[in-house]
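Notes for the one structure printed next.
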């Protein structure tokens, strides 16, 4: 079963706007990661946030984590057409496995 | 630096045929994983390995076997392919396990994927 569920499933915005996607999970986690997948390609790691962190930034990316609500959000500011991709959250609960959500498909239009 | 390389990239099989997907990494990573990706299902873990000579079952292991004879290679085998195994398969590797520490060593490096169609 999927640990993470992303919301929305699909998002279409104009270039320059901000994009926000959310991830909810079910069990306690060690860390939460976000990955991007361009069409027909493998996943690429974007950012990792530890369970004791609440917010993290990397360039135009901002990730928040609320462990009490078991949720995370990924904000992409000033989006570009090149940001068009699917975005996945993934949770590490313990052991040696990373469990992925179903993804948000982001389309940034010119 | 090639990272994670998967072969083949595409394959069409008939039901009942067998095949092996090869994953090779040149980053000296200890941990390797095989995922399958299906529409609307995200990525699901098939098998993984915590080091040379070790393998373990993931979420959807049935119908697949794996081997890790060399640290840099992780093979995924289908002994008798079924249409339900039509999917895109991704191999990934990491330097550290997922649940012990949280650092850049945890992150997965993925291959480009292998698209398998079983008729």
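Laboratory data are not the source of any read-out in this text; all were calculated from the coordinates shown. What you see is a predicted model; the values in this text were computed from it and never measured. With ideal geometry, Cβ positions are generated from the backbone for all residues, glycine too; neighbour counts draw on all protein chains shown.
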Extent along principal axes [Cα atoms of the protein assembly as shown; Å; largest to smallest]: 48, 38, 35
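Using a Förster distance of 35 Å, how high is the FRET efficiency between residue B:105 and residue A:39, based on the Cβ-Cβ distance and rounded to 0.05? Don't jump to the answer; show the numbers that get you there.
Numbers: r = 29 Å, r/R0 = 0.82.
Efficiency, rounded to the nearest 0.05: 0.75.
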field: Exposure proxy order (Cβ contacts within 10 Å, fewest to most) of A:75, B:76, A:43
entry: A:75, B:76, A:43
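Can you give the FRET efficiency for residue A:28 and residue B:12, using 1/(1 + (r/R0)^6), R0 = 30 Å, r = Cβ-Cβ distance, to the nearest 0.05? Intermediate values should be presented prior to the final figure.
Values: r = 43 Å, r/R0 = 1.42.
Efficiency, rounded to the nearest 0.05: 0.10.
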message: Taking 10 °C and 1.306 mPa s as the conditions, I'd like the Stokes-Einstein D for chain A in µm²/s, using the Kirkwood hydrodynamic radius from alpha carbon pairs.
response: 115
field: Zone of residue A:14's modelled label, taken as backbone nitrogen in the range A:66-110 under 12 Å from a point 7 Å along Cα→Cβ
entry: A:109-110
message: Place a point 7 Å from Cα of residue A:107 in the direction of its Cβ. Which residues in the range A:31-74 have their backbone N less than 15 Å from it?
response: A:39
query: Looking at chain B from every direction and averaging, what is the projected area of its Cα convex hull in nm²?
result: 7.1
query: Between the range A:7-57 and the range B:30-54, what's the alpha-carbon centroid distance in Å?
result: 20
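In peptide B:104-111, what is the residue-averaged number of other protein chain Cβ atoms found within 10 Å of each Cβ? Don't skip to the end; give the middle numbers.
Values: counts 2, 0, 8, 10, 9, 4, 7, 3.
That works out to 5 on average.
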Separation in nanometres of the label points that stand 7 Å from Cα toward Cβ, at residue A:7 and residue B:57: 3.3
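Could you list A:45, B:47, A:57 in order of exposure, starting from the residue whose Cβ has the fewest other Cβ atoms within 10 Å? Write down the numbers at each step before the final one.
Details: A:45 18, B:47 23, A:57 11.
In order of increasing Cβ crowding within 10 Å: A:57, A:45, B:47.
I need B:118, B:4 ordered by Cβ neighbour count within 10 Å, fewest first. Provide the component values of the computation, followed by the final result.
On the way: B:118 19, B:4 22.
Lowest to highest Cβ neighbour count: B:118, B:4.
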